[in-house]
Structures are given as C-alpha cells and as structure tokens.
Amino acid sequence: MTRRTRSILMCGSAALALAMAPANRDPVQAATRQVVNLSGPRVSVVDAARTVVTFEAKGDIRGLLTLHLVRGISEKGVATLGGEWFLVSRYVYDMNTGNADLGPSAEADGHDEREALAFAEGGTIHGAVTGGALAFDSNGQLAGLQSVQLQVAGGNLDFASSSGNGSASAANLQDGAYGSGTLVLATEVK
C-alpha cells in the first residue's frame with residue numbers, strides 16, 4: 001500500500017469516526033428525558049400546610065419518589081406550592097432473569113427463588129418543588145397532583161452533577177391500589 005493510499009484511508013477513517021460520534025454540547029451534555037411511572041401512593045398530612053406523598057417508581061428510574069409539598073399564599077393572595085422532592089433509585093432484581101418486577105416469592109419447584117436476588121443502587125436525585133396545583137376531594141383530602149413543577153438540584157451515583165427540571169401528575173391518591181401518576185424529568189450532567 002502506498003503512502004498516499006494509507007493517508008487517504010486514515011483521513012477517511014478519522015472523518016467517519018467524527019461523523020459517527022455523538023454530538024455533545026460543551027460543557028453540558030444534551031438533556032436526557034426520563035419517564036417514570038408512579039404507583040402505590042401514600043399520603044401523610046404533616047399539618048395544614050404540609051403534606052408528604054410517596055410513590056413506588058418504575059420505568060426509566062426505579063425506586064421510591066418522595067414529595068414534601070408546602071402550600072402557601074403569596075403577598076398578592078395567590079395560592080403557591082413549594083417544597084422539596086427526592087427520588088431514591090434502589091430496588092431488588094432477579095440475577096437469573098434480570099427481572100425487577102418481583103412478585104411474592106414462591107417455592108413452586110422445590111427451590112427458594114430468593115437465592116438469586118440482588119440489589120441495584122442507582123443513587124438519589126433531588127431538588128425543589130417550584131409550582132403546580134393540588135386537587136382535593138369533597139372531604140378535603142388530597143386526591144391528585146396537577147403538573148407539579150420540579151427543579152433538579154443534583155444527586156449522587158448515577159445522578160451526580162445532574163441539573164434540569166421536571167413535572168409530576170397523579171390521581172386517586174387516597175386509593176393506594178389504584179392511585180397512579182407520571183414523573184417526567186429532563187436532566188443534564190454538568
């Protein structure tokens with residue numbers, strides 16, 4: 001192979017590598033959109049202004065979402081919603097199948113299926129609640145979340161140096177079996 005052919009092949013390979021490389025914005029990478037399905041709501045009323053709601057999280061991030069919601073009134077008499085939120089990504093999965101949707105353990109064929117279980121530790125992502133609305137039923141109990149706005153302040157492990165925003169909506173919060181919702185995050189890594 002001649003020197004000229006070798007040079008052309010090297011330049012072509014370099015151009016192809018650059019063309020196939022992912023486009024990143026420097027110094028921040030492109031935003032990642034994560035959709036999390038929420039179920040099993042648990043509502044705890046702390047006092048007249050503060051409520052804590054937790055959900056089981058599945059989808060792009062698995063674990064437990066906790067919303068600490070604080071209701072208030074602005075100087076202009078407008079209802080406000082603030083607080084903080086945390087999503088801890090920790091769950092159990094079957095090492096044999098990779099299945100994270102584990103039901104009750106069964107010893108159907110004579111062996112204990114729990115022997116193949118492992119813990120996945122993704123870390124914690126957190127931030128502030130910056131707006132949105134709450135829906136109440138006729139008894140004055142929290143029934144739903146309507147476009148609760150979330151700011152991403154950071155995290156650790158898989159979420160280290162994360163920033164961004166998101167929103168959460170949910171319905172039937174007083175019915176743990178049927179209550180459900182969605183959390184959507186748009187995060188960037190600094």
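The values are calculated or read from the model by the stated rules, or taken from the named source; none is laboratory data. It should be emphasised that the depicted structure is a prediction, and the values quoted were computed from it without experimental measurement. Counting neighbours? That spans all protein chains shown, and the Cβs are built from the backbone with ideal geometry, glycine included.
Taking the stretch 11-41 as the region of interest, how many residues are at pLDDT 50 or above and loosely packed, with under 14 Cβ neighbours inside 10 Å?
Here the count works out to 4.
I need the full set of residues from the stretch 151-170 which are among the polar types (S, T, N, Q) and closer than 29 Å to Phe136 by Cα, in order please.
Hits for the stretch 151-170 are Gln151, Asn165, Ser167, Ser169.
Would you tally the residues in the stretch 43-65 being surrounded by fewer than 17 Cβ atoms within 10 Å (Cβ to Cβ), within 13 Å of the chain's Cα centre (by Cα) and not in a strand (DSSP E or B)?
Selection size over the stretch 43-65: 1.
Considering Ser138, Ser163, which residue is at pLDDT 90 or above and assigned to a strand (DSSP E or B)?
Ser163
Among the numbered conditions (1) surrounded by 13 or more Cβ atoms within 10 Å (Cβ to Cβ); (2) not in a strand (DSSP E or B), tell me where Tyr178 comes up short.
All conditions pass for Tyr178, except number (1).
Within the group Gly83, Gly77, Gly72, which residue is free of Cβ contacts under 8 Å to residues at least 24 places away in the same chain, over 20 Å from Ser180 (Cβ atoms), assigned to a strand (DSSP E or B) and out of contact with any Cys (no Cβ under 6 Å at 6 or more places or on another chain)?
Just a single option satisfies the conditions, and that option is Gly72.
Out of all the residues in the stretch 156-169, is one or more under 16 Å from Leu65 (Cα atoms) and over 14 Å from the mean Cα position of the chain (by Cα)?
no
Does Gly132 qualify as being at positive phi, surrounded by 14 or more Cβ atoms within 10 Å (Cβ to Cβ) and without any contact (Cβ under 8 Å) to a residue 60 or more places away in the chain?
Answer is yes for this residue.
Filtering the stretch 66-80 down to residues that are in contact with a strand residue (DSSP E or B) (Cβ under 9 Å, 6 or more places away or on another chain) and of a type outside the set (Gly, Ala, Ser), which residue is surrounded by the fewest Cβ atoms within 10 Å (Cβ to Cβ)?
It comes out as Ile73.
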